[in-house]
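Single-structure report; data block below.
The values are calculated or read from the model by the stated rules, or taken from the named source; none is laboratory data. None of these values were measured; they are calculated from a predicted model. As a convention, Cβ positions derive from the backbone with ideal geometry for all residues, glycine included, and neighbour counts pool all protein chains shown.
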Amino acid sequence: MKQHRKLGPVLATIVVAGNMIGSGIFLLPATLAGVGSLTLIGWLAASLGAVALAIYALKLLLPPRGKKTEIVAGTQPGTAD
């Protein structure tokens, strides 16, 4: 007996979104080829922006230098019992 596998709505949405993003990544260089060297400047600016956002997010997640964080088990102040 052969089982049929079905995609649910969430998984189908993820597959479609992945295909759209993937095709956009592979078609973008062909689309921008007519612009010339300005494309390289755009890629460089976008890359620098992505790195800046990653560094900013990292600084938000890490505690300041020299300051130790205390991890307390149980309920935190300000939460309901």
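The table for this structure:
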item	result
Criterion: at pLDDT 85 or above, loosely packed, with under 10 Cβ neighbours inside 10 Å and in a helix (DSSP H, G or I) - qualifying residue of L48, L60	L60
Long-range neighbours under 9 Å by Cβ, at least six apart or interchain, first residue exposed (fewer than 10 other Cβ atoms within 10 Å of the Cβ) within the stretch 7-29, second part of a helix (DSSP H, G or I)	none
Residue match in the stretch 21-39 (condition: touching a helix residue (DSSP H, G or I) at 6+ places or on another chain (Cβ under 7 Å), in a helix (DSSP H, G or I) and not polar (S, T, N, Q))	yes
